[in-house]
Amino acid sequence: MKRSSKTMVVLVLVFAVSIVSLSVNLASAQAVPEWVKNTALWYGEGIVSEGEFLNMIKFLIENEVIIIDSMKEPVPQVVDAQVVIPNGNFDVTGAGFYSPLNLEVPVGTTVTWVNDDSVPHNIQSIDKTGKVIQLFNSPPLNTGDRFEYTFEEEGVYKYYCSFHPWRVGLVTVS
Ligand SMILES: [Cu+2]
């Protein structure tokens with residue numbers, strides 16, 4: 001009876017660990033030392049103490065055989081989803097391209113355009129042939145004004161400024 005209840009404790013513990021966390025590092029799992037296997041076995045048989053058993057679990061975590069996901073470095077979420085209309089953007093002979101010229105973002109990103117130029121601009125979505133389409137279309141943006149649009153589907157989206165149609169930019173959503 002004592003033996004089977006300890007076996008249950010082991011199962012419950014393993015189960016709890018798997019809910020809370022994690023992944024097992026398979027490469028390391030193949031190198032699980034014999035003493036670890038023996039400790040688990042002997043704990044189930046009541047030969048070693050709970051303290052020794054827990055120290056063994058601690059060893060597995062410290063040596064990254066068991067990896068607790070919450071301990072990993074967080075994955076950086078959304079990036080810079082801003083396009084600057086730079087000073088001098090109006091000048092057809094200048095290099096004042098949208099920055100970035102092709103903004104790459106994940107699906108669901110809200111992109112903000114900011115007018116840092118000295119004159120008004122707008123943002124008009126256009127199709128492949130350069131014709132304005134009603135997808136994202138801003139009013140005239142004065143210096144410092146912003147315009148936002150949230151991209152919910154994958155694709156390559158083109159836009160331009162109807163006042164300065166030589167300025168074409170891209171948003172690539174994937
Ligand atoms: Cu413009």
*How many percent of Cα pairs in segment 79-173 exceed 22 Å?*
19 percent
*Estimated dipole of segment 79-173 in Debye, rounded to 20 [Cβ of Lys and Arg +1, of Asp and Glu -1, Cα centre]*: 300 debye
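A short reminder: the numbers here are calculations on the coordinates, not readings from a lab. Computed from a predicted model, the values in this text were never measured in an experiment. In this analysis, Cβ positions are derived from the backbone assuming ideal geometry, glycine residues included, and neighbour counts consider all displayed protein chains.
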